Structures are given as structure tokens and as C-alpha cells.
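What follows is calculated from the coordinates using simple rules that are stated; it is not laboratory data. Here the structure is a predicted model, which is why all the values come from computation and not from measurement. With ideal geometry, Cβ positions are generated from the backbone for all residues, glycine too; neighbour counts draw on all protein chains shown.
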Amino acid sequence: MADDEEFTGRGQTPRALIVTVYGLYAREAGGWMSVASVIRLLARCGVDAPSVRSAVFRLKRSGLLVSEKKDGVAGYALSDDGTAILREGDRRIFERRRATLNDGWLLAVFSVPESERDKRHQLRSRLSWLGFGTVSAGVWIAPSHLLEETREVLTRHGLASYVNLFESHHVGFADIAGQAPAWWDLARLQTLYQDFLDRYRPVLDRYRQAEEIDPAEAFTDYIGALTDWRRLPYSDPGLAVEVLPADWNGARAADAFFELHERLAKPAHEFVESVLRTPAE
């Protein structure tokens with residue numbers, strides 16, 4: 001569903017940036033932010049007011065935000081679905097999950113009638129979004145640590161009745177490491193991780209050398225880094241190290257992100273608080 005693509009990230013569109021801002025800062029304020037505050041914050045990211053209003057409207061139309069006034073001030077709050085999706089995203093974005101071969105595998109086996117092709121598309125999109133690889137048309141595979149998340153997501157989207165989930169262990173015959181590139185697009189993921197490193201290693205080096213951190217600058221860099229990062233944990237199912245290519249760069253990319261998070265989250269939060277304290281004009 002396109003709604004969740006906004007929450008998992010597909011580049012730095014205004015909508016993706018707004019979702020990042022809401023995910024980080026709106027929930028601690030009851031899920032609501034004024035339109036004026038969102039416009040001021042996104043201005044730091046180079047997004048003009050008309051683009052913010054248009055993006056917020058589309059998020060409202062998709063059911064992720066709801067319009068709401070507080071003390072006569074226009075704003076938007078997260079919907080229940082939006083809150084649930086962000087909560088699911090927290091686990092992926094801010095936890096470093098890596099399977100071991102002893103953990104086993106999760107198999108999703110499904111068959112959807114031709115008369116319900118839209119459900120088949122939704123199911124495949126949802127499994128891909130969760131991090132499943134494709135063994136065959138109706139058999140998809142993921143590390144077993146994705147079981148509870150898979151159960152929650154498929155149930156919430158009304159897709160559970162089409163799927164049987166199995167926990168299993170590999171007992172033969174082909175080597176899993178040799179099969180993984182056929183089941184998951186690891187080459188594409190390597191490229192995405194390298195793109196992240198190329199963009200944010202220089203940013204990280206700059207902050208390592210900085211004597212002081214400007215909160216407004218920290219906010220801009222942190223929002224950008226998180227918006228670019230949050231799609232990657234969804235593309236990466238957290239396969240065991242033994243299954244990954246020898247030159248795997250995902251760990252280096254994660255190290256860079258989490259160091260940026262450690263350095264920038266607090267000053268960025270200080271900047272947001274200063275903006276939220278500013279009365280709307």
C-alpha cells in the first residue's frame with residue numbers, strides 16, 4: 001500500500017520528510033502538530049509552504065493524518081493507522097536485528113484466487129515490504145525473527161486468511177548463501193547502502209570534527225539522514241552474516257547512521273522544541 005511506502009521511505013519527497021518529522025516529534029506531543037510548525041520545520045529542509053500543504057493534504061487523503069484544530073490553531077494529527085505504522089517502523093529503523101543460521105526461517109505460503117488479483121498484489125507488496133524473499137510464486141521466505149511483525153501486519157491489512165505461515169530449518173540440499181541472491185535482490189541493497197555511505201560519511205566526518213553543533217543544522221542533517229535511512233531496514237531482512245556476500249556494506253552503513261543518530265538527535269530535538277514554542281503568526 002502506498003500509505004506505508006510513505007512511512008518506510010522512498011527518497012526525500014516532501015511527504016517522506018513530513019512523515020519523518022511526525023514520526024520523531026509529533027507523537028511525544030500527542031500526535032499533533034500545527035500547520036505553521038510543519039511549514040517552518042520543512043523550510044529548513046528546502047521545502048516551500050505550498051509543497052508542504054500539498055503533501056499534508058495527500059497524507060490526510062490517504063488516511064495517515066487527520067485535520068484537527070487546537071485552541072483555534074489549524075493542524076494535523078496522526079490517525080490510528082498512522083500511529084500503528086510508525087510504531088512498527090520504530091522496530092525496524094532503530095533496532096539492529098541480525099539473524100543467525102540457528103534461528104531458522106519463516107515461510108509464507110499463499111494462493112489467491114484469480115478473481116482477487118488486487119489482494120494478490122497487496123499480499124506480495126506487503127511481504128516484500130516486510131523483507132521476504134521469493135522462493136517461488138506462492139512461497140516466500142524470511143528470517144524467523146519477522147514472525148510477529150508479519151502476523152501483525154497481515155492481520156491488520158486483512159490478508160491473513162490467504163496465507164499460511166511456517167517456521168522451518170534448512171536441511172538440504174543447496175547452500176543457502178548461494179540461494180539468497182536469487183531470493184532477495186542483495187545487489188540492489190548493496191547499492192543502496194553504498195549510496196547512503198557516500199552521502200553521509202562526509203556529513204559524519206564533519207560532525208566528528210565540529211567543536212559545537214548548531215541545532216538547526218543538526219535538524220536538517222538528521223531529518224535527511226533518517227529519511228534516507230528508514231527505507232533500508234525494510235529492504236534488508238536481517239539475514240545471517242553467513243548468508244551475505246563477503247563484501248557486505250550494510251553494517252558500515254548502519255554504523256554511520258547510528259553514530260549520526262547519537263550525535264544529532266538531541267540538538268535536532270532542541271531546534272524542534274524552539275520552533276514549537278514559537279507562536280503561529
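A few comments on the model shown:
- Across the stretch 105-168, Cα-Cα distances exceeding 17 Å account for 28% of all pairs.
- Listed by chain and number, the aspartates and glutamates whose alpha-carbon sits under 20 Å from that of K266, ignoring those within fewer than 8 places in the same chain, are E28, D90, E95, D205, E211, E212, D214, E217, D221, D228, D255.
- C-alpha center-to-center spacing [the stretch 163-192, the stretch 20-74] in angstrom: 39 Å
- Theoretical FRET efficiency, 1/(1+(r/R0)^6), r = Cβ-Cβ of A43 and A240, R0 45 Å, to 0.05: 0.55
- The chymotrypsin sites (Phe, Trp or Tyr not before Pro) found in the stretch 147-194 that occupy coil by DSSP, while having at most 14 further C-beta atoms within 10 Å, are F173.
- Relative contact order %, the chain, counting alpha carbon pairs below 8 Å whose residues are six or more apart: 24 percent
- The ranking of S79, S115 from fewest to most other beta carbons within 10 Å of each one's beta carbon is S115, S79.
- Using the Cβ-Cβ distance between R199 and D247 with R0 set to 22 Å, the FRET efficiency works out to roughly 0.70.
- Extension gain for the segment L276 to F94, taken as residue separation times 0.36 nm less the Cα-Cα distance, is 63.1 nm to one decimal.
- Computing Cα extents along the principal axes in Å for the structure here picks out one of (i) 58, 51, 39; (ii) 59, 51, 44; (iii) 66, 49, 25, namely (iii).
- Judged by the gyration tensor of its Cα atoms, with axes a ≥ b ≥ c, the stretch 32-169 is prolate; a/c meets the 1.5 cut and a/b is the larger of a/b and b/c.
- Fully extended contour minus Cα-Cα distance, from H157 to D214, at 0.36 nm per residue: 16.3 nm
- Springs between Cα atoms under 10 Å define the GNM used for the chain, and in it the highest mean-square fluctuation of R208, R124, R97 occurs at R208.
- Max mean-square fluctuation residue, GNM over the chain, Cα-Cα springs under 10 Å, options D71, D205, D185: D71
- With K and R counted +1 and D and E -1, the other residues having a Cβ less than 14 Å from that of F219 yield a net charge of -1.
- Cβ-based exposure ranking for E152, E273, in which fewest neighbours within 10 Å come first: E273, E152
- For K60, a cut-off of 19 angstrom between C-alpha atoms picks up these lysines, skipping any fewer than 8 places away in its own chain: K69, K70.
- Additional length obtainable on full extension of the chain from Y207 to D185, 0.36 nm per residue less Cα span: 4.6 nm
- Cleavage-rule hits (GluC sites (Glu not before Pro)) in the stretch 56-116: DSSP loop, at most 12 neighbouring Cβ within 10 angstrom: E95
- Here the Gaussian network model covers the chain, with springs between Cα atoms less than 10 Å apart; of A265, A174, A55, A174 fluctuates the most.
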